[in-house]
Amino acid sequence: MLKKHYFILAGTIFAVLVFVLYLRTKNTHAETSADSIPTAAVAIAHRGPIENALTLSAAFRPYQQVDVHAKVAGYIRNIYVDVGDQVKAGQVLAILEVPELSAQVAGAKADIQRSEDGIRRAQSEILRAQSTHGAYHAAYTRLKQASDARPGLIAAQELDDSQAKDQESEAQVASARAALAEAQGQLGVAQASLSRLSALEGYSHITAPFTGVITKRYADTGALIQAGTSSETQSMPVVQLDEWSRLRLVVPVPESAVPLLHLGSTVQVHVSALHRDFEGHVARFADALNEETRTMHTEIDVENTDGTLKDGMYADAKIVLDRHNDALTVPIQAVERHSTGASVLLVDAQGRVEERPIALGTESSDSIEVLKGLNENDKVIIGSHGEFHAGEKVQPRVVDISVPEGA
């Protein structure tokens, strides 16, 4: 009886072992079949904004920068500004002492006074000559009328003398008028000389040509300053003035981006030192390429009314060349370019690989617009296209390329 039970137990154990071995073999075969289908990393084609942007680095420069010179030579009597001072347009920065110019102004004023006196004398002389001429002319007229009425009554010599005095007095009137004109001309010359000298005297007050900040001071009180208009000597400026209420960024735009660059375009300017973004605008460009660098000189203006930005600060300018708000996009890694165009490897609903030609549009740093050839939510293989071929069955695994794997 015990022997019978032993055989029953042994048979049961054997049956269980056979069943377990069968299940393990079946699972292994299924796993082997699944492992034989390669896995493909895919991305989903989706709609969203895309922009083609260019980021260039540069240092801020003043919108205007000038060395302020004196127009007349002289010694600095007073200087009112120093480095870092903010000044307004027209504000007096320094005053020069120019003694010889003051003497010339006084002489010009004396010339004007002398010319005015000469005019008054000439006017009086005209009145006197006109009065004399009037008397002589009247006398000659009466004698002539009497001679005409009664020939022989007036001697010919007397009539000729009267006519000569009449003509002489008339000439004196003309001479007096010429003297008046000459005196008036001398007055004009004297007034022009005074205006010129007064203007030069005004230049002894050195003023700011625009609102800005003093960045350098070259001279102190008592220093001799040569006239900035003199070609014989190298004149020393008084101060250097920068305009900081608006700054410039000068960037070299590459040739490929030049056709997409437009005046007035908004530019995002990031200043790492301040951890802030500012808004700028493309204000001007050279409209010609540098033959050596194949870039175009482009200037971006950035408002700086509060003075936060400083001359020389480093900044990154992001210039948006093109933007579409509702574009069908895929990662750049999914696109294969060749001589006839571009294509992607598409994974269909059955898991089969299909090579699909596409038309490309706007391209950003990590994605590209597909104009035709794909639909929204299509799965495209990213990475090396050489690992797969059309018609092959794959297991798609959706990945987000914006987040590195393993992060």
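Values in this text are rule-based calculations from the coordinates and carry no lab data. Only a predicted model underlies this, so the values are computations on that prediction, with no experimental measurement involved. Cβ: placed from backbone, ideal geometry, glycine included. Neighbour counts: every protein chain shown.
Mind giving me the nanometre distance, one decimal, between the label points for Ala192 and Gln86, set 7 Å out from Cα along Cα→Cβ? Here the answer is 4.6 nm between the modelled labels.
Taking R0 as 51 Å, what FRET efficiency do you get between His324 and Asp67 from their Cβ-Cβ distance, rounded to the nearest 0.05?
Details: r = 48 Å, r/R0 = 0.95.
Rounded to the nearest 0.05, the efficiency is 0.60.
The calculated FRET efficiency for Gln395 paired with His338, based on their beta-carbon distance and R0 = 30 Å, is about 0.65. Scattering from the chain was approximated by placing one identical point on each alpha carbon and applying the Debye formula without solvent; log10 I(q)/I(0) at 0.11 1/Å stands at -1.02. Annotation: extensible slack from Leu289 through Gln167 equals 35.8 nm (criterion: 0.36 nm per residue apart, minus Cα-Cα distance). When the chain is treated as a GNM with alpha-carbon contacts under 10 Å, the residue of Glu158, Glu354, Glu291 showing the greatest mean-square fluctuation is Glu158.
If you wrap the range 100-202's Cα atoms in a convex hull and average its projection over all directions, what's the area in nm²?
7.2 nm²
Applying 1/(1 + (r/R0)^6) with R0 = 25 Å to the Cβ-Cβ distance of His275 and Ala53, what FRET efficiency is obtained, to the nearest 0.05? The computed FRET efficiency comes out at 0.80.
Note that the range 253-407 carries a Kirkwood radius of 19.1 Å, evaluated over its alpha carbons pair by pair.
With a cut-off of 15 Å on the backbone N, the residues of the range 65-80 near the modelled label site 7 Å out from Leu200 along Cα-Cβ are 70-75. Distance between the modelled labels on Ser131 and Gln350, one decimal in nanometres: 13.2 nm (7 Å Cα→Cβ projection). Stretching the chain fully between Glu182 and Ile95 yields a gain of 27.5 nm (0.36 nm per residue, less the alpha carbon separation).
Over all other residues within a Cβ to Cβ distance under 11 Å of Ala108, the charged ones net out to +1, with Lys and Arg as +1 and Asp and Glu as -1. Within the listed set Ala135, Ala342, Ala41, the residue fluctuating most in the Gaussian network model of the chain (springs between alpha-carbon atoms under 10 angstrom) is Ala135.
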